[in-house]
Amino acid sequence: MKHSLTVTLKNQSVAVERFLRVVRHRGFDLTHFQLNLDDGHYQVEMTVDSDKPVYLLTTQLAKLVDVKQVMLQSVQQQQAM
């Protein structure tokens with residue numbers, strides 16, 4: 001399943017590295033990634049793909065000290081071929 005998330009991070013390059021490491025370690029494939037600087041914080045819009053429940057990722061991201069907010073935007077079912 002594909003999941004679209006918006007995450008607000010502290011304006012530090014190490015915050016982005018930690019954030020991406022959690023996505024990788026939790027077994028989610030990053031299919032879209034957009035990083036913007038907004039009001040002194042990084043705003044990340046991304047789409048991840050995995051058969052795992054998305055709460056496994058969102059709960060771990062929310063625990064990071066550099067993460068200000070995690071919002072699940074949408075969930076898309078993969079089409080069978």
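The values are calculated or read from the model by the stated rules, or taken from the named source; none is laboratory data. All values derive from a computational prediction rather than experimental measurement. Backbone-built Cβ (ideal geometry, glycine too); neighbour counts: all protein chains shown. For accessibility, only protein heavy atoms count, side chains too; no ligands or nucleic acids. Shrake-Rupley method; radii C 1.70, N 1.55, O 1.52, S 1.80 Å.
Just a few scattered comments:
- Residue ID - surrounded by the fewest Cβ atoms within 10 Å (Cβ to Cβ), chosen from residues in the range 9-57 that are among the basic types (Lys, Arg) and under 21 Å from Val75 (Cα atoms): Arg24
- Annotation note: of Leu72, Leu37, the sole residue that is in a strand (DSSP E or B), within 17 Å of His3 (Cα to Cα) and of a type outside the set (Val, Ile, Thr) is Leu72.
- Of all residues in the range 60-71, exactly one satisfies the criterion of being surrounded by fewer than 12 Cβ atoms within 10 Å (Cβ to Cβ) and closer than 19 Å to Asp29 by Cα, namely Met71.
- Residue pairs whose Cβ atoms lie under 7 Å apart, sitting 6 or more positions apart in sequence or on different chains, and linking a residue in the range 28-43 that is at positive phi to a partner that is at pLDDT below 95 and open to solvent by 70 Å² or more (accessible area, probe 1.4 Å), are Gly40/Asn11.
- Residue match in the range 12-23 (condition: in contact with a helix residue (DSSP H, G or I) (Cβ under 6 Å, 6 or more places away or on another chain) and either without any contact (Cβ under 8 Å) to a residue 12 or more places away in the chain or not in a strand (DSSP E or B) (or both)): yes
- Unmet criterion (only one of (1) in a strand (DSSP E or B); (2) without any contact (Cβ under 8 Å) to a residue 60 or more places away in the chain; (3) among the aliphatic types (A, V, I, L, M)) for Ala62: (1)
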